[in-house]
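Here, each number is a calculation from the coordinates, and none is a lab measurement. Keep in mind that what you see is a predicted model, and the values were worked out from it rather than measured. Cβ atoms come from the backbone with ideal geometry, glycine included; neighbour counts cover every protein chain shown.
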Amino acid sequence: MPLTDSVKPYWANLDALRFIAFMGVFMAHVYSLSISEMRVPAWMAGIKEWSQAGGLGLNFLFVLSGFLITYLLLLEEKVKGIFHIRNYFIRRTLRIWPLYFLVVAASFLLLPPVLNALGKSYAETANPWYYILFISNFYILSYGYPYSPLLAILWSLAVEEQFYLIWPWLMKGFKNFRRALFVLLLIISVLFRWIHEGDSKILFFHTLSLLGDFAVGGLLAEMVILKNKFFVKLTAISTLKILTGYIIIALMIIFYRQIFHFGLAIIFERLLFALAFSFIIFEQTFCVNRIFNAASIPFIAWLGSISYGLYCFHELAILLAKNLLAHLHLLYKPTGHFLFLPAFAFVILLPLAIISYYVYENRFLNLKKRFEL
């Protein structure tokens with residue numbers, strides 16, 4: 001019997017935060033685009049460099065996944081006495097696989113003949129098995145990025161799927177030692193980052209380097225389920241303390257390049273941001289004195305609800321916007337690149353994500369409801 005809505009909560013603020021995190025990734029990818037014909041002025045070079053901190057949006061999404069997946073498993077166990085792994089995998093499959101494999105199939109089977117027929121050379125170099133088996137982050141580590149920008153961004157979904165695969169088994173196997181498990185995984189991740197501190201590629205793409213994000217999310221979920229004295233105390237923290245927390249996080253992001261570029265800072269970077277993002281998740285979900293509601297603008301929360309499609313298609317939208325701006329002779333002007341490229345890309349992206357969600361993804365989401373908690 002499914003859990004009632006009163007038992008299984010919906011947090012609109014988390015949808016809004018999911019969209020904000022996506023926008024960080026989106027802007028980072030927009031401004032990472034290299035255009036050799038354009039002379040980049042100093043002011044724009046600074047913005048392009050700072051915008052790469054938007055990649056921290058992926059850190060946030062990993063922490064959020066760790067929190068939500070762990071919370072739902074623990075909630076089902078709390079209410080029913082056990083969580084059902086079969087239904088869990090069916091739910092995850094129906095949510096992730098349809099759009100994921102549509103993008104994979106389009107990249108390997110559709111784009112090459114279509115683009116070649118249009119006179120544009122296209123030959124995908126990536127091994128499709130890395131994408132079929134959800135290990136494309138290891139493909140990038142071994143061989144570099146694939147030719148298709150659509151495939152290039154799927155590595156983070158591969159990491160998510162690896163987490164989805166092992167998490168319920170770990171939760172069940174360590175039922176009486178879950179907090180110790182989360183802490184152990186966090187330590188393993190930090191030690192891995194220490195061992196590979198000099199290899200930025202491994203630190204960014206390897207699953208063990210990213211594992212701490214999910215572990216911190218798991219720790220947060222356990223605290224929320226237990227609702228112990230520490231949880232109650234945190235829900236009542238003052239507005240001043242919350243504001244101080246946000247100021248610290250803002251400074252970490254603004255001065256990201258200056259702070260996280262050496263030794264210990266690199267090793268503990270993901271842990272510090274995981275803790276920071278778990279603070280935001282907790283504050284936006286449970287604090288009674290929160291200083292703002294991320295979902296106070298319903299449109300933002302709605303955009304968060306379709307963020308999976310936004311993420312999967314955003315590189316395609318950026319590429320289409322780039323070609324459109326080149327045709328309009330705006331691409332090689334700094335203001336055109338700075339203002340019009342993100343605007344045009346998002347205008348192209350939004351209808352793609354809407355169609356994806358309401359025409360395609362919803363078919364599977366409705367089926368997924370049969371296996372809900």
message: Using only alpha-carbon positions, what ratio does the radius of gyration of the range 62-161 give when scaled by 2.2 N^0.38 Å?
response: 1.37
message: Through the Karplus equation 6.51 cos²θ - 1.76 cosθ + 1.60, θ set to phi - 60°, convert the phi angles of the range 177-191 into ³J(HN,Hα) values in whole Hz; use x for Gly and Pro.
response: 9, 5, 4, 4, 4, 4, 5, 4, 4, 5, 5, 4, 5, 5, 5
query: Can you give the angle from 0 to 90° between the axis of helix 12-31 and the longest principal axis of the chain, with both taken from C-alpha atoms, to the nearest 10?
result: 30 degrees
Among SER296, SER34, SER156: highest mean-square fluctuation, GNM of the chain, C-alpha pairs under 10 Å: SER34
field: Pairwise FRET efficiency - PHE268 versus ALA326, Cβ, R0 = 56 Å, nearest 0.05
entry: 0.85
message: For Cα pairs less than 8 Å apart in space and 6+ apart in sequence, what is the mean separation divided by the residue count of the range 12-371, i.e. the relative contact order in percent?
response: 29 percent
task: Please give the calculated 222 nm ellipticity per residue for the chain, where each DSSP H segment of at least 4 residues contributes -39500 (n - 2.57) and the sum is spread over every residue; nearest 500 deg cm²/dmol?
output: -22500 deg cm²/dmol
field: the range 261-373: Cα Rg divided by the 2.2 N^0.38 Å rule of thumb
entry: 1.45
About the Cα centre, charge dipole magnitude for the chain (Lys/Arg +1, Asp/Glu -1 at Cβ), debye: 840 debye
- prompt: Taking the chain as the region of interest, what is the percent of Cα-Cα pairs per 10 angstrom bin, listed from the shortest bin to the one with the maximum distance?
  reply: 5, 21, 33, 27, 11, 3, 0
query: Given 4 °C and 1.567 mPa s, how large is the Stokes-Einstein diffusion coefficient of the range 183-277 in µm²/s, with Rh as the Kirkwood radius over Cα pairs?
result: 88 µm²/s
message: Taking 41 Å as R0, compute the FRET efficiency from the Cβ-Cβ separation of ALA123 and ARG257 and round it to 0.05.
response: 0.70
Most mobile listed residue (LEU350, LEU33, LEU220) in the chain, GNM with C-alpha springs under 10 Å: LEU33
query: Any idea what Rg and Dmax come out to for the range 106-244 if you just take the C-alpha atoms, in Å?
result: 20.4, 66
field: Members of LYS78/LYS241; LYS8/LYS369; LYS78/LYS368; LYS48/LYS322; LYS48/LYS120 lying beyond 24 Å, as alpha-carbon distances in this model show
entry: LYS78/LYS241; LYS48/LYS120
statement: So, over other residues within a Cβ distance under 14 Å of ILE300, counting Lys, Arg +1 and Asp, Glu -1, the net charge is 0
message: How many angstrom lie between the Cα centre of the range 119-189 and the Cα centre of the range 20-88?
response: 14 Å
query: Per q in 0.25, 0.32 1/Å, what log10 I(q)/I(0) does a Debye calculation on the alpha-carbon atoms of the range 325-373 return?
result: -0.86, -1.04
- request: Please give the helix 56-80 orientation as an angle from the longest Cα principal axis of the chain, in degrees from 0 to 90, rounded to the nearest 10.
  value: 30 degrees
message: If I model a spin label at LYS8 and LYS80 as a point 7 Å from the Cα along the Cα→Cβ vector, what separation in nanometres do I get?
response: 0.9 nm
